[in-house]
Number of protein chains: 2
Amino acid sequence: MSTTQTGRVAVIGLGSMGAGMAASLLRAGFSVAACDVNPDAVARFEAAGGRGAASPAQAAEGADVVVCVVVNAAQTEAVLFGSEGAAETMRPGAVFVSSATMDPAIARALAARLEETGRHYLDAPMSGGAARAAEGALTFLASGSAQAFAAARPALDAMAGRLYELGDAAGQGAAFKMINQLLAGVHIAAASEAMSFAAKQGLDLARVYEVITASAGNSWMFENRMPHVVAGDYSPKSAVDIFVKDLGIVQDMARAERYPVPVAAAALQMFLAASGAGMGRDDDASVARIYAQLSGATLPTKA
Amino acid sequence: MSTTQTGRVAVIGLGSMGAGMAASLLRAGFSVAACDVNPDAVARFEAAGGRGAASPAQAAEGADVVVCVVVNAAQTEAVLFGSEGAAETMRPGAVFVSSATMDPAIARALAARLEETGRHYLDAPMSGGAARAAEGALTFLASGSAQAFAAARPALDAMAGRLYELGDAAGQGAAFKMINQLLAGVHIAAASEAMSFAAKQGLDLARVYEVITASAGNSWMFENRMPHVVAGDYSPKSAVDIFVKDLGIVQDMARAERYPVPVAAAALQMFLAASGAGMGRDDDASVARIYAQLSGATLPTKA
C-alpha cells in the first residue's frame, strides 16, 4: 500500500461499506469510478476525487477490477447481467469481486455465467463494519481461480486488513461466510433471550453483562450487542432485517442440503417476530425487546 | 493467602472439583475434613493430609465453613437435611457454601430452611474446571447475607480467583449462573450445528475453526469445544449430560416464570438426542455427531 496504484477500479454501491471501500481505493492511488442509486452518495464520492457513473455498465467500462458492494444475490445478478450490467462492459480478463452475503450455490452460478464470457469472478464476502471499510481494514473470506485472485489482489490489498484464501472456486467463500452468519445470528438471539430472562428475574443487567463477558457463556455478539440493551439504545448499528435475510439464506441452504438446523431456525423466528413487530430497521439487539414483550419483562430505557 | 489459616472447613464431595478445592484449602493452612461416596477419593484426600469422614454430618462437626461440591439440588438437600446431613452438626453461626448449579427458587428454599436453624447459607455456584479448582482459581457467582459472606470469606479466598458478590440473598448467585448456562448450552449446540453443516458442505474444519475464531461468529464455547470436533476426540472434558441437566433447569425456571426460551429449548433437544443416542457421558461436543448422523455429514475421526 506504500506504492501508488495505476489500475482502474469500479465500485458498484456506495452505501456505508462501499463508500469506505471506494475511499480506501482512492487513497491507494487507483483511478476509481462508482455508481449508486442514491445521487447524494455519488456526489460525495465525486467530491472525494472519484468519477461518478450512471450505471454499473458505465462504471465498469475499462476497469481492471469491479467491486460489487450490494445487499444480496438478486442485486448482484442485476449489477452483472441487468440491462445496464457490468458484465457487458468489463474488459475480458478483468475480475468481478462480489462481496454480498449469498447462498454458495448462487455464487457458483453467477461465477459460471460470468466466466463463460472470459471474465473472472472472485467470491469475496466480507466482515467488519463501516469504520473498518473506511480504514481499508476489512476481512475478506475469498475463493476463486488463481487468475481471479491475481487480478483482484492490488485492490484487495487496499481494502483488506485480512484476506482468507479459502478455495479455488466460487462458493467456498460464501459457504464460510454463511457458517459465520449462522453462529452470529444464533448468538444475537441467545444473548437477547438470556438478557431479557435476566431482566424478568430482576437482575441488574449491567452486572449480568460484566459477569457473562468474563465467563464461559460469552460470545463476540453478546459482548458487542448487549451494551445496546443495557443502555436501552436500539438505534441501528446493524439492523434486524440483516439477520432476517442471512438466517433466511441459512434455512434455504439447509433445506436444499437436507441438513436440520433447529437452533438457527428458532433464532430466525425471533428475528422475524422483531421485524414483524415493526423493528426491522432497528438495531438487531431489538430481539431482546420481543422477549420482553412476550414475557412482561422490563428492560432499561434510554436515559 | 500468605498467612496460614486456623479455621476448620468441611468439604462434601471429592470429585474432580471438590478434590481440587479441598487441596487448595489444605494448602492455605485450614484443617479440612471431607467425605465422598467413593472411598478411593477419601483415601487420596487423607494421603494429602486431610481428615476423612464417613458422612456429611461427621465432616461438618465443628466446622466454621461447610463447602458442598455435589452435582445438583437433590444431592445438596440430602447433604444438608438427609439422615446424616450436615445441618444438624454445623455449629450455629457457621456457613454452608453451596456450589451446585440449581434453580434459584430451590436455592432460596434451602437457604430459608437452614437459616431458621441459626446457620448461614451462601449461594455460590462456580465456574472453571478441575485445573482451576486445584489452583484455587475458581470464579464464584455468590449471593447471601453479609454474615454468610463474612463467615465464608477466608475459605473463598483460598478457592477463588474471582468472587462476584451478586446480592444479599440466596438465589441471585444461582440466577446469574443459570443465565450463563443458558448461553453456554446454546453456544455448544450452535457450534455443533455450524461445524457439522460446514462438514456437510465439504469445508475444511480446521480452516473453519481458524476463520470463525477470528470473526463475529465466535463464542467462548466454540473456541473451547470445537477443537474436539476437528480432532475427532470426544473423550469427556465436560459431559453431554451436564447440559441435559442445566438446560433442563433453564426450561423448568422459564416455564414457571412464563418466559419463552425457544432458542434454549431447541438446543436442549439436541443434547437430549446426544444423550439418548448413548453419548451422555461423552464430551458435549458430541452434539456435532448427532447433526452428522441426522444429515449424512462426515466428521473427522481420531488419528
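The values are calculated or read from the model by the stated rules, or taken from the named source; none is laboratory data. Nothing here was measured: the structure is a model prediction, and the numbers come from that model. Neighbour counts run over all protein chains shown; Cβ positions are idealised from the backbone, glycine included. Quick note on the areas: whole protein, heavy atoms, side chains included, nothing else; ligands and nucleic acids left out. Shrake-Rupley method; radii C 1.70, N 1.55, O 1.52, S 1.80 Å.
Test A:V66 against the stated conditions and say whether it is part of a strand (DSSP E or B) and in contact (Cβ under 8 Å) with a residue 40 or more places away in the chain. The answer is yes for A:V66.
Every test in (1) surrounded by 21 or more Cβ atoms within 10 Å (Cβ to Cβ); (2) in contact with a Ser or Thr (Cβ under 8 Å, 6 or more places away or on another chain); (3) within 12 Å of chain B (Cβ to nearest Cβ) is passed by A:M253 save one, and that test is (2). The numbered conditions (1) more than 19 Å from B:E135 (Cβ to Cβ); (2) in contact with a helix residue (DSSP H, G or I) (Cβ under 8 Å, 6 or more places away or on another chain); (3) basic (K, R) are all true for B:R91 except (2).
Here the condition is being surrounded by 19 or more Cβ atoms within 10 Å (Cβ to Cβ), more than 21 Å from B:I106 (Cβ to Cβ) and modelled with pLDDT of 95 or more; of B:A48, B:A41, B:A73, it holds for B:A41 alone.
Taking the stretch B:113-134 as the range and being over 25 Å from B:A48 (Cβ atoms) and without any contact (Cβ under 8 Å) to a residue 40 or more places away in the chain as the test, the residues that pass are B:R113, B:L114, B:E115, B:E116, B:T117, B:G118, B:R119, B:H120. Go through the residues of the stretch A:197-214 one by one and say whether even a single one is charged (D, E, K, R), more than 10 Å from chain B (Cβ to nearest Cβ) and either under 26 Å from A:G296 (Cα atoms) or out of contact with any Lys or Arg (no Cβ under 8 Å at 6 or more places or on another chain) (or both). Scanning the stretch A:197-214 turns up no residue that is charged (D, E, K, R), more than 10 Å from chain B (Cβ to nearest Cβ) and either under 26 Å from A:G296 (Cα atoms) or out of contact with any Lys or Arg (no Cβ under 8 Å at 6 or more places or on another chain) (or both).
Considering only the stretch A:137-153, state which residues are more than 18 Å from A:I12 (Cβ to Cβ), more than 14 Å from chain B (Cβ to nearest Cβ) and either open to solvent by 20 Å² or more (accessible area, probe 1.4 Å) or under 16 Å from the mean Cα position of the chain (by Cα) (or both). Those that are more than 18 Å from A:I12 (Cβ to Cβ), more than 14 Å from chain B (Cβ to nearest Cβ) and either open to solvent by 20 Å² or more (accessible area, probe 1.4 Å) or under 16 Å from the mean Cα position of the chain (by Cα) (or both): A:S145, A:A146, A:Q147, A:A150, A:R153.
State all residues of the stretch B:69-99 that are under 23 Å from B:D246 (Cβ atoms) and either part of a strand (DSSP E or B) or among the charged types (D, E, K, R) (or both); if no residue qualifies, say none. Walk me through how you get there before you give the answer.
Step one: of the stretch B:69-99, the residues under 23 Å from B:D246 (Cβ atoms) are B:69-80, B:96-99.
Correct list: B:E77, B:F96, B:V97, B:S98.
Whenever a residue of the stretch B:14-26 is open to solvent by 10 Å² or more (accessible area, probe 1.4 Å), its partners that are modelled with pLDDT of 95 or more and of a type in the set (V, I, T), lying with C-beta atoms within less than 6 angstrom and at least six residues away or across chains, give the pairs B:M17/B:V69; B:L26/B:V32.
Entry remark, the stretch A:229-250: residues being surrounded by fewer than 24 Cβ atoms within 10 Å (Cβ to Cβ) and either of a type in the set (G, A, S) or away from every other protein chain (no Cβ under 13 Å) (or both) number 13 in total.
For the stretch A:256-285, the set of residues classified as free of Cβ contacts under 8 Å to residues at least 60 places away in the same chain, buried (at least 20 other Cβ atoms within 10 Å of the Cβ) and under 21 Å from the mean Cα position of the chain (by Cα) consists of A:A274, A:S275, A:M279, A:D282, A:D283, listed by residue number. Counting only residues that are aliphatic (A, V, I, L, M), more than 22 Å from A:A184 (Cα to Cα) and either within 10 Å of chain B (Cβ to nearest Cβ) or assigned to a helix (DSSP H, G or I) (or both), the stretch A:267-303 holds 2 of them.
Restricting attention to the stretch A:179-228, the residues that are open to solvent by 10 Å² or more (accessible area, probe 1.4 Å), touching a residue at least 12 places away in the same chain (Cβ under 8 Å) and charged (D, E, K, R) total 2. Residues considered: B:V250, B:V263. Of these, the only one that is at pLDDT 95 or above, out of contact with any Phe, Trp or Tyr (no Cβ under 9 Å at 6 or more places or on another chain) and closer than 26 Å to A:A199 by Cβ is B:V263.
For the stretch A:288-302, the criterion of a residue being of a type outside the set (G, A, S), more than 28 Å from A:V70 (Cβ to Cβ), over 19 Å from the mean Cα position of the chain (by Cα) and at pLDDT below 95 is satisfied by at least one position. Restricting to the stretch B:155-178, and then to whatever is closer than 13 Å to B:S127 by Cα and outside any helix (DSSP H, G or I), can you tell me which residue is most open to solvent (accessible area, probe 1.4 Å)? Among those residues, the one meeting the criterion is B:R162.
For every residue, the table says whether it meets (1) surrounded by 24 or more Cβ atoms within 10 Å (Cβ to Cβ); (2) of a type outside the set (D, E).
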residue	(1), (2)
A:V95	yes, yes
A:T101	no, yes
A:I106	no, yes
A:A109	no, yes
A:E115	no, no
A:H120	yes, yes
A:D123	yes, no
A:S127	no, yes
A:R132	no, yes
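Limited to the stretch B:5-53, what total is found for residues that are under 20 Å from B:L138 (Cα atoms) and either of a type in the set (K, R) or out of contact with any strand residue (DSSP E or B) (no Cβ under 7 Å at 6 or more places or on another chain) (or both)?
At the first step, the residues of the stretch B:5-53 found to be under 20 Å from B:L138 (Cα atoms) are B:5, B:9-30, B:32, B:34, B:45.
Adding the requirement that they be either of a type in the set (K, R) or out of contact with any strand residue (DSSP E or B) (no Cβ under 7 Å at 6 or more places or on another chain) (or both) leaves B:5, B:15-17, B:19-20, B:23-24, B:27-29.
Qualifying residue count for the region: 11.
Evaluation of A:Q75 against the conditions (1) over 16 Å from A:S16 (Cβ atoms); (2) out of contact with any helix residue (DSSP H, G or I) (no Cβ under 6 Å at 6 or more places or on another chain) shows that the sole unmet condition is (1). Could you tell me whether B:S99 is out of contact with any Asp or Glu (no Cβ under 6 Å at 6 or more places or on another chain) and among the hydroxyl-bearing types (S, T, Y)? The answer is yes for B:S99. Would you confirm whether or not the stretch B:98-121 contains a residue that is modelled with pLDDT under 95, assigned by TED's automatic domain parsing to the domain that holds B:G18 and more than 18 Å from the chain's Cα centre (by Cα)? No, the stretch B:98-121 contains no residue that is modelled with pLDDT under 95, assigned by TED's automatic domain parsing to the domain that holds B:G18 and more than 18 Å from the chain's Cα centre (by Cα).
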